[in-house]
Amino acid sequence: MKILMDGFPRGAYLQSNLSFDERHLISIKTRLSVKMALLLAFSSVLLLVGPALAQSPDMSYEDYMAQLQACPKECRCPPSFPNAVYCDNKALKRIPTIPPHTWYLYLQNNLIDVLSTDALRNATQLRWINLNRNRITSEGMEEGALAAMLRLVHLYMDDNLLSSVPANLPSSLEQLRLSRNRISKIPAGVFSGLDRMTLLELQGNKLQDDAVTEVSLKGLSNLVQINLAKNQLTTMPLGLPITITQLFLDNNAIEKIPADYFKGLPKVAFLRLNRNKLGNGGLPKNVFNMSSILDLQLSHNQLTQVPMIPSGLEHLHLDHNQIKSVNGSDICPVSADALEGYVTETAPKLRYLRLDGNEVKPPIPRDLMMCFRLLRSIVI
């Protein structure tokens, strides 16, 4: 605004000495310049959004028009995003017939109880289906309903009524979310051929120890994250893929970790065991001696001592246990001689330590700070 206000009087002053014809010519040129600028700006906008408004770059004009015309009356199909079909929050009891060029299908927050083959028969290009918060049961999963979805990458079925992991899932699947169902069974071979899957969410179900085995998880050869929190496990699950880097086991009833458990999981970096029943006797001395682990969470357990930790660990959560004191010399993962010749590259990497909800009182022991010299935050 200041530039315009400063410029206007100077422009008016300069034009005051010109003839009427000259001023008229300048006025015309100015209006033409403004119109040209607006036209160029509008053209730039069309170049940016025009293709999206006209059609998807992956669709011909004919397919684009056919997709919009086939949009179910219960749903929304934005012309600017023709590959997406929004049928969420409509109180639907069934899945409407989905157009053939749909990539992203949103069906969450409805009353759907059957995943039917007919509704998805033509939608073979689906990449993403969100069916969260419906009423789909295992019996309502029609056989082969998803088998033809050879490009499906994400399947969201949280908060339904499934009692078993669905079978006949497409081999293209990378993320499967089944949290907060009633799943108590993982059928043998159900994950066969799903070697692209990297994430499996099963928290908030009814899985017991005998349901999570090497046989039931066979096929998940590239799984990175598995969430088994809020189930009914009493022991550490066996047969997990060696590719796991994130293992979430919060809110179970686990009392013990076998001494060599993590030899079969050499890549675990994030381990959550909050709200279990772990005591000192359930943690062998060197059970966490892994170079891969970065974040260890043991909050809300029954520990009275700080467990031994690896030198590469960066975050340690021990809040709400029964720990009375912290002896830095006992838990330090490197020797006193190594501390004397302190080198940043070889020093313990712990940066965050949480101890609140225990019986530990300030001040922080000096030997703890001497060992963990990279500590930036301690909660007591």
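Okay, here's what the table says:
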{"quantity": "Residues that are open to solvent by 10 Å² or more (accessible area, probe 1.4 Å), more than 20 Å from GLN108 (Cβ to Cβ) and in a loop (DSSP other than H, G, I, E, B), drawn from the range 161-174", "calculated": "SER163, ALA167, ASN168, SER171"}
{"quantity": "Condition check for ASN231: surrounded by 17 or more Cβ atoms within 10 Å (Cβ to Cβ), closer than 25 Å to PHE288 by Cβ and of a type in the set (S, T, N, Q)", "calculated": "yes"}
{"quantity": "Single match in ASP158, ASP210, ASP195 (criterion: outside any loop (DSSP other than H, G, I, E, B) and surrounded by fewer than 20 Cβ atoms within 10 Å (Cβ to Cβ))", "calculated": "ASP210"}
{"quantity": "Conditions (1) open to solvent by less than 60 Å² (accessible area, probe 1.4 Å); (2) touching a helix residue (DSSP H, G or I) at 6+ places or on another chain (Cβ under 9 Å); (3) not charged (D, E, K, R); number of the one not met by ALA119", "calculated": "(2)"}
{"quantity": "Candidates VAL287, VAL212 - the one that is more than 30 Å from VAL153 (Cβ to Cβ), in contact (Cβ under 8 Å) with a residue 12 or more places away in the chain and not acidic (Asp, Glu)", "calculated": "VAL287"}
{"quantity": "Residue ID - farthest from LEU68 (Cα to Cα), chosen from residues in the range 96-108 that are open to solvent by less than 50 Å² (accessible area, probe 1.4 Å) and assigned to a loop (DSSP other than H, G, I, E, B)", "calculated": "GLN108"}
{"quantity": "Residue in the range 259-270 that is surrounded by the most Cβ atoms within 10 Å (Cβ to Cβ), counting only those that are closer than 14 Å to GLY312 by Cα and among the aliphatic types (A, V, I, L, M)", "calculated": "VAL268"}
{"quantity": "Hits in the range 124-147 (condition: more than 17 Å from VAL85 (Cβ to Cβ) and part of a loop (DSSP other than H, G, I, E, B))", "calculated": "ARG133, ARG135, ILE136, SER138, GLU139, GLY140, GLU142, GLU143, GLY144, ALA147"}
{"quantity": "Among the candidates LYS263, LYS324, residue that is among the basic types (Lys, Arg), out of contact with any Ser or Thr (no Cβ under 6 Å at 6 or more places or on another chain) and under 23 Å from LEU368 (Cα atoms)", "calculated": "LYS324"}
{"quantity": "Selection within the range 236-261 - over 24 Å from the mean Cα position of the chain (by Cα) and either within 24 Å of ILE323 (Cβ to Cβ) or in contact (Cβ under 8 Å) with a residue 40 or more places away in the chain (or both)", "calculated": "ALA253, ILE254, GLU255, LYS256, ILE257, PRO258, ALA259, TYR261"}
{"quantity": "Pairs with Cβ under 6 Å, 6+ apart, first in the range 322-336 and open to solvent by 10 Å² or more (accessible area, probe 1.4 Å), second among the small types (Gly, Ala, Ser)", "calculated": "PRO333/SER311; VAL334/SER311"}
{"quantity": "Matching residues, the range 175-190, being surrounded by 15 or more Cβ atoms within 10 Å (Cβ to Cβ) and closer than 14 Å to LEU220 by Cβ", "calculated": "GLN175, LEU176, LEU178, ILE186, VAL190"}
{"quantity": "Every pair of residues 6+ apart whose Cβ atoms lie under 9 Å, when the first sits in the range 60-80 and is part of a loop (DSSP other than H, G, I, E, B) while the second is basic (Lys, Arg)", "calculated": "GLU74/LYS90; CYS75/LYS90"}
{"quantity": "Matching residues, the range 213-224, being touching a strand residue (DSSP E or B) at 6+ places or on another chain (Cβ under 8 Å) and open to solvent by 10 Å² or more (accessible area, probe 1.4 Å)", "calculated": "VAL224"}
{"quantity": "From ALA84, ALA119, ALA91, ALA145, residue being farther than 20 Å from LEU200 by Cβ and touching a residue at least 24 places away in the same chain (Cβ under 8 Å)", "calculated": "ALA119"}
{"quantity": "Residue match in the range 350-360 (condition: within 28 Å of VAL224 (Cβ to Cβ), out of contact with any Lys or Arg (no Cβ under 6 Å at 6 or more places or on another chain), open to solvent by 40 Å² or more (accessible area, probe 1.4 Å) and among the charged types (D, E, K, R))", "calculated": "yes"}
{"quantity": "LYS285 vs. criteria modelled with pLDDT under 95, out of contact with any strand residue (DSSP E or B) (no Cβ under 7 Å at 6 or more places or on another chain) and open to solvent by 10 Å² or more (accessible area, probe 1.4 Å)", "calculated": "yes"}
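The values are calculated or read from the model by the stated rules, or taken from the named source; none is laboratory data. Fair warning: this is a prediction, and the values are worked out from it, not measured in the lab. Neighbour counts are summed over all protein chains in view; Cβ atoms, including those assigned to glycine, are modelled from backbone coordinates with ideal geometry. Side chains are part of the model used for accessible areas, which takes the heavy atoms of the whole protein and leaves out ligands, DNA and RNA. Shrake-Rupley method; radii C 1.70, N 1.55, O 1.52, S 1.80 Å.
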